[in-house]
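Structure record follows, encoded as C-alpha cells.
The values are calculated or read from the model by the stated rules, or taken from the named source; none is laboratory data. The shown structure was predicted, so the numbers you read here are calculated from the model rather than taken from an experiment. Cβ coordinates were reconstructed from backbone atoms using ideal geometry, including for glycine residues, and neighbour counts include every protein chain displayed.
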Amino acid sequence: MIEIINVSKWFGEHKVLDNVNETINKGQVVVICGPSGSGKSTLLKSLNGLEPFQEGDIRVDGISLKDPKTNFIMLRQKMGMVFQRFELYPHLKVLENITIAPIKVLNQSKSKAGQKAMELLERVGIPEQAEKYPGNLSGGQQQRVAIARALAMEPDIMLFDEPTSALDPEMIKEVLDVMVDLAKSGMTMAVVTHEMGFAKEVADEIIFMDEGRIVERGTDKSFFENPESERAKEFLRKILI
Amino acid sequence: MLNYDFKWSILWSDPYGGWILEGVATTVKLGILCCIFAMLLGIIIGTFRITQFKPLRIFAEAYTEFFRDIPLLVQLFFWYFAVPSLLPEGMRTWVYQEIPDFEFWIVVVGLSLYSSSRVAEQIRAGINSISPDQFNAALSTGFSHYQAYRYVIIPLAVRLVLPPLTTEILTIFKNTALAMTVGVLETTFMSQQVEAYTFHGLEATTAACVIYMIITLIVVGVMGWIEKLLAVPGLIIRKGADS
C-alpha cells in the first residue's frame with residue numbers, strides 16, 4: 001500500500017507538486033492523467049525515491065521515504081518501474097536484461113534467473129526474442145521486455161510512466177494487453193497514461209492532475225461521463241477526439 | 001647535388017639495430033602500461049565528476065584541471081626533478097640510484113595521470129549523453145548507484161566514446177617520446193643515440209618515424225577490432241526508438 005501525504009516539490013522556484021494526497025491500496029490500479037507538465041511523472045518517480053520531494057511524506061507498506069534510515073535499494077526491489085522510452089540496457093541481450101538484477105541484486109543463480117526470465121518472456125508473448133539485442137526489437141517488443149525485466153524482481157507494486165506514448169499506434173495494444181493481464185492478476189499498479197481505454201477497463205481510480213495538483217479523482221464512470229472541473233472536461237475533450 | 005651519404009644498413013648493424021629494438025620494446029611497454037592506468041583512472045575520475053556526492057565531484061574537477069592544464073613535459077620534470085628534491089638527501093640518492101628503472105616508472109606515473117584527465121573528460125561526455133532514465137531504470141530494479149554505473153552506465157559510456165578514446169591512446173603512444181627527456185631509453189632516445197654515434201641522423205630519425213607509424217597503425221587496428229567486438233545494435237545510431 002502506498003500513502004502519499006501532503007507531498008510538495010519545487011524545482012527552484014517552480015512548484016511541480018502541490019500538496020498531493022493519495023492512497024493506493026493493495027491490488028488497486030490507479031491511473032494518473034493530465035496535461036504535460038502537470039507533475040504526473042514527477043509524482044510517479046517520487047514513489048520509489050527517484051525524485052526527492054521537499055515536503056510531506058510517502059509511505060510504502062508503512063516505510064517512510066522521508067526517514068533517513070530507509071533503504072531505497074530494498075524499497076525499489078519491491079517496486080518495478082516501466083519507462084516511456086523503455087530504457088533497456090542496449091549492450092545486453094534480452095534475456096540478460098531480465099536476469100541481471102536478479103543475479104546481481106538477489107544473488108540468484110544464472111540458471112534459476114534464466115528460467116524465470118523465460119517464463120516472463122512467455123508471459124509477455126516474446127520468448128523467441130530472448131537471444132536478441134534490444135536494438136533489434138520493435139518498440140512494442142522492447143516495452144514488453146521492460147515489463148518482464150521489472151517483473152523479474154517479483155515486485156509488489158508496478159509503476160508505469162507513459163508506457164505507450166513512444167510507441168507506434170499498432171504496437172500500443174500489445175503492450176496494453178500485457179498491462180491489462182497484469183492488472184487482472186491482482187498487481188498493485190500506478191500508471192501514468194493517456195490511454196483512456198485502458199483506464200476504463202482496469203482502473204479502480206483515475207486521478208487528473210494539473211499544475212502539480214490533483215484536480216479531480218474518480219472511478220472510471222464518474223470521471224469520464226461527468227468530470228467536475230473545467231480543466232478535466234477540456235482535457236478529456238482533447239484526448240477523446 | 002645532395003652530398004649526404006645514405007647508409008641505411010647502420011639501422012640493422014650491430015650494436016645500433018639492437019639499441020633501436022630495445023627502444024621499441026620500452027616504448028611499447030611504456031605505452032601499454034600508461035594506456036591501462038589512464039583508462040582505469042580516467043573512468044573512475046570521469047564517473048566521480050557526475051556523482052551526486054559533492055566532495056568527490058570537486059576532487060575530480062580539481063584533478064582534471066590540474067593534470068590537463070600543465071604541459072606534459074613540465075609535469076614529467078616535476079615528477080622527476082622536483083618531487084625527489086623534497087626528500088631528505090639520503091633518500092633522494094637512494095631513489096635515483098636504487099629504484100630499478102626509476103625514470104621509466106616516473107614516466108608511467110606522469111603520463112598516466114596526464115592522460116587520465118583527458119580520458120576522464122571523454123568518459124564524462126559519454127555518461128552525459130546517456131538518458132537519465134537509463135540510470136533510473138537501473139536503480140528501479142534494485143541496483144545500487146555503484147552497480148548501476150558498473151553494469152549499465154560505464155559499459156555504455158565506454159562504447160559511446162571509443163572513437164575519441166582511440167585518438168587518446170594514439171596520443172599516449174606518441175607522448176612516450178617525451179620520456180627521453182628524463183633519460184628513459186625508448187625509441188626516440190635510441191634513435192638519437194644512433195645519430196650521435198654514427199652521424200647518420202636522417203636514417204635514425206626516419207627509422208623512429210616509421211616505428212611510431214607502425215605502432216599507431218597497430219593501435220588503430222586493435223581499437224577497430226574492439227569497436228566491432230563491442231558494437232551494439234542501435235546504440236549509436238538511435239537509442240531505443242522504433243525501427
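Data for the structure
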| read-out | value |
| --- | --- |
| Wholly within the range B:18-137, helices (runs of 4 or more DSSP H) carrying at least 1 residues that are modelled with pLDDT of 95 or more | B:54-68, B:72-77, B:102-128 |
| Identity of the residue in the range B:119-135, within 23 Å of the chain's Cα centre (by Cα) and buried (at least 20 other Cβ atoms within 10 Å of the Cβ), that ends up farthest from the other protein chains (Cβ to nearest Cβ) | B:A120 |
| Answer residue from the range A:76-92, given it is crowded, with 18+ Cβ neighbours inside 10 Å and more than 8 Å from chain B (Cβ to nearest Cβ) and is nearest to B:N136 (Cα to Cα) among those | A:V82 |
| Qualifying residues in the range A:203-228 (those that are crowded, with 20+ Cβ neighbours inside 10 Å and in contact with a helix residue (DSSP H, G or I) (Cβ under 7 Å, 6 or more places away or on another chain)) - the one nearest to A:G125 (Cα to Cα) | A:A203 |
| Residue in the range A:52-70 that is without any contact (Cβ under 8 Å) to a residue 60 or more places away in the chain, within 12 Å of chain B (Cβ to nearest Cβ) and surrounded by 22 or more Cβ atoms within 10 Å (Cβ to Cβ) present | no |
| A:P169 vs. criteria without any contact (Cβ under 8 Å) to a residue 24 or more places away in the chain and within 13 Å of chain B (Cβ to nearest Cβ) | yes |
| Pick from the range B:141-150, criterion within 7 Å of another protein chain (Cβ to nearest Cβ) and crowded, with 20+ Cβ neighbours inside 10 Å, ranking: nearest to A:F72 (Cα to Cα) | B:G142 |
| Filtered residue count, the range A:133-151, keeping only those that are at the interface with chain B (Cβ under 8 Å from one of its Cβ atoms) and either in a loop (DSSP other than H, G, I, E, B) or acidic (D, E) (or both) | 2 |
| Residues of the range A:104-134 classified as touching a residue at least 40 places away in the same chain (Cβ under 8 Å), buried (at least 16 other Cβ atoms within 10 Å of the Cβ) and either out of contact with any helix residue (DSSP H, G or I) (no Cβ under 9 Å at 6 or more places or on another chain) or under 20 Å from B:S140 (Cα atoms) (or both), total | 3 |
| Residue within the range A:211-226 that is within 21 Å of the chain's Cα centre (by Cα), acidic (D, E), within 20 Å of A:T164 (Cβ to Cβ) and modelled with pLDDT under 85 present | yes |
| Enumeration of residues in the range A:58-95 that are touching an Asp or Glu at 6+ places or on another chain (Cβ under 8 Å) and not hydrophobic (A, V, I, L, M, F, W, C) | A:R59, A:D61, A:S64, A:K66, A:K78, A:Q84, A:R85, A:E87, A:Y89, A:K93 |
| Residues of the range A:207-241 satisfying the condition of being of a type in the set (D, E, K, R), in a loop (DSSP other than H, G, I, E, B) and either in contact with a Cys (Cβ under 8 Å, 6 or more places away or on another chain) or touching a residue at least 60 places away in the same chain (Cβ under 8 Å) (or both) | A:E211 |
| Among the candidates A:D156, A:D181, A:D161, A:D177, residue that is in contact with a helix residue (DSSP H, G or I) (Cβ under 6 Å, 6 or more places away or on another chain) and farther than 19 Å from B:P233 by Cβ | A:D161 |
| Selection count, the range A:37-77, where residues are within 13 Å of the chain's Cα centre (by Cα), over 20 Å from A:N19 (Cβ atoms) and of a type in the set (K, R) | 1 |
| Single residue of B:A179, B:A207, B:A157, B:A138 found to be touching a residue at least 24 places away in the same chain (Cβ under 8 Å), touching a Phe, Trp or Tyr at 6+ places or on another chain (Cβ under 8 Å), surrounded by 22 or more Cβ atoms within 10 Å (Cβ to Cβ) and small (G, A, S) | B:A179 |
| Number of the exception - B:I70 against (1) crowded, with 20+ Cβ neighbours inside 10 Å; (2) within 12 Å of B:S117 (Cβ to Cβ); (3) not acidic (D, E) | (1) |
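Residues are listed down the side, and each one gets a yes or a no for (1) in contact (Cβ under 8 Å) with a residue 60 or more places away in the chain; (2) in a helix (DSSP H, G or I); (3) not hydrophobic (A, V, I, L, M, F, W, C):
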{"position": "B:V152", "(1), (2), (3)": "no, yes, no"}
{"position": "B:P164", "(1), (2), (3)": "no, yes, yes"}
{"position": "B:F189", "(1), (2), (3)": "yes, yes, no"}
{"position": "B:E195", "(1), (2), (3)": "no, yes, yes"}
{"position": "B:M213", "(1), (2), (3)": "no, yes, no"}
{"position": "B:W225", "(1), (2), (3)": "no, yes, no"}
